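To keep things clear, I will list the structure first and then write my remarks on it.
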Amino acid sequence: MKDRPLFRFVVVVLAWLPVAFGVWYVLAPIILWPAQLLVTAIARIGFGDLVSNVEAHGATLSFVTTLKPGQAAAGGILSVDVNMLLYSFGLPLFVALTLAVRERGWWRALLIGYAAMLPFIAWGVVADFLKNIAITSSPLVTSQAGFSALERDMIAFAYQFGSLILPAVVPAVAWVLTHRAFLERLRASADRLQRG
Amino acid sequence: MIRFFVLFVVVLAVLFGLELTPWAQQWFVVPWTNALAAISTSIVTMFDPNVMASGKVIRSATNGFAVSIEAGCNGVEATLVLLAAMLAFPAPWRHKVVGFVIGVLAVQLLNIVRVISLFYLGQWNFEAFEWAHLYVWQGLIMLDVLIVWLIWVRRVPRDGDDRVPPAAPPALAAS
């Protein structure tokens, strides 16, 4: 196996992944608590007229809105549930990548990566909520939300980017940025192989 | 590294924005997804003849279970991420082209494994299907992209050294 450092790295990542996924899933309410705080702050500050409360049920956030789901006066209020796991599956990937390298100060890299990912998890969750009330709900709800066509387009893009790209890409980017020395060693080992 | 990072984000955002346009959806994403369903089905029918593809849907004639390959599962986004990472990294164009072609093959090979595994996982246990679909395979595909990129980066010649051959087939990444 000519690519031994990389091969070893991949094997160790694959060994850590099930462990990391298991811990992430079981401890999600705790691990994602800072993201929940961030989402709540964004909802209160940015969409205070639409969101009256954000409640956590495990890894699911319920956005209690001021919007009415139907025309009846006693129709209650609309609540939107968002699964935070959908936007945080990159955490176990980042942990597995970091533990596979385990450079000096790996715990610091873990903390930096974790902190870096929280805003993007919040992005996905908030965009999911906005997509629900602005685009995929009934016309009665979307009209109450009052977003313009341009704002709905921006919400659609933010949701797509926040669900299809960011959850997977951010951990990889965070890992690359926090492990530049490892990458340099990988390149150097490839240079040695090609020379010798 | 900062230049690479900024360029990567910009290129990725532009590529993703283009992908969402109706033109790209009609002429690229839909045919790509249908082809993925057809290729996956043709592989599956080698050992399970009661499976058929219709557009982006793969269906079992035995029990009626079907999966529809949607955005995020067709490998288009993973391909865009790989393309953006290779475009952003300083390397000769020849290496970018060869690396991208081989890299797309590696990513799509694993994506076919994902589609087929989910098709059978869903027939066995829906909870396991949801777990694998929503979390595990998403991470594995991105890991595949990262490994392909790492293999490619290792083969990129340093400044002033254009003798290093382009990336070899990254079979490791798809295994």
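Among B:Val136, A:Val54, B:Val67, flag the residue with its Cα farthest along the positive direction of the charge dipole of the protein assembly as shown, charges on Cβ as +1 for Lys/Arg and -1 for Asp/Glu.
Farthest towards the positive pole: B:Val136.
Per residue of the protein assembly as shown, what 222 nm ellipticity follows from adding -39500 (n - 2.57) for every DSSP H run with n ≥ 4, rounded to the nearest 500? The partial results should precede the final answer.
Numbers: 16 runs with 234 residues, N = 371.
The per-residue figure over the protein assembly as shown is -20500 deg cm²/dmol.
Tally Lys and Arg at +1 and Asp and Glu at -1 over the other residues with C-beta under 14 Å from the C-beta of A:Gly146: what net charge comes out?
Summing Lys/Arg as +1 and Asp/Glu as -1 gives 0.
Using a 10 angstrom Cβ neighbour count of at most 13 plus a DSSP loop assignment to flag exposed trypsin sites (Lys or Arg not before Pro), which longest range of chain B is free of such sites? Please list the in-between numbers first.
Details: sites that count: B:Arg158, B:Arg163.
Answer - B:1-157.
Quick check: pseudo-label points 7 Å beyond the Cα along Cα→Cβ at B:Trp93 and A:Ser143, how many nm apart are they?
The answer from the label model is 5.5 nm.
What does the convex hull of the Cα atoms come to per residue for the stretch B:1-123, in Å³?
Numbers: hull volume 13.3 nm³, N = 123.
Spelled out: Cα convex hull of the stretch B:1-123, divided by residues, is 108 Å³.
Whole angstrom only: what separates the Cα centroid of the stretch A:3-35 from the Cα centroid of the stretch B:86-138?
Between the Cα centres of the stretch A:3-35 and the stretch B:86-138 lies a distance of 18 Å.
Report the Stokes-Einstein translational diffusion coefficient (µm² s⁻¹, integer) for the protein assembly as shown, Rh taken as the Kirkwood radius over Cα pairs, at 4 °C with viscosity 1.567 mPa s. Walk me through the numbers before you get to the answer.
Working: Rh = 22.2 Å.
The Stokes-Einstein estimate is 58 µm²/s.
Against the longest alpha carbon principal axis of chain B, how many degrees, from 0 to 90 and to the nearest 10, is the axis of helix B:2-19 turned?
40
Rg to Rh for chain A: what is it, with Cα atoms only and Rh by Kirkwood?
On the way: Rg = 20.9 Å, Rh = 18.7 Å.
Reported Rg/Rh, Kirkwood definition of Rh: 1.11.
For the stretch A:17-95, what does the alpha-carbon gyration tensor say about shape, rounded, prolate or oblate, given a ≥ b ≥ c as the root eigenvalues, a/c under 1.5 as rounded, and a/b over b/c as prolate?
Values: a/c = 3.59, a/b = 2.33, b/c = 1.54.
Verdict is prolate for the stretch A:17-95.
Relative to the longest principal axis of the C-alpha atoms of chain A, give the angle of the C-alpha long axis of helix A:166-178, reported between 0 and 90° and rounded to the nearest 10°.
The helix A:166-178 is inclined about 40 degrees to chain A.
To the nearest 20 Debye, how big is the dipole of the protein assembly as shown about its Cα centre, given +1 on the beta carbon of each Lys and Arg and -1 on that of each Asp and Glu?
On the way: 25 positive and 20 negative charges, 276 e Å.
Once rounded to the nearest 20, the dipole reads 1320 debye.
Any read-out appearing in this document is the output of simple, stated calculations on the displayed coordinates, not a laboratory observation. Just so we're clear, the structure is a prediction, and the values are computed from it rather than from any experiment. Cβ atoms come from the backbone with ideal geometry, glycine included; neighbour counts cover every protein chain shown.
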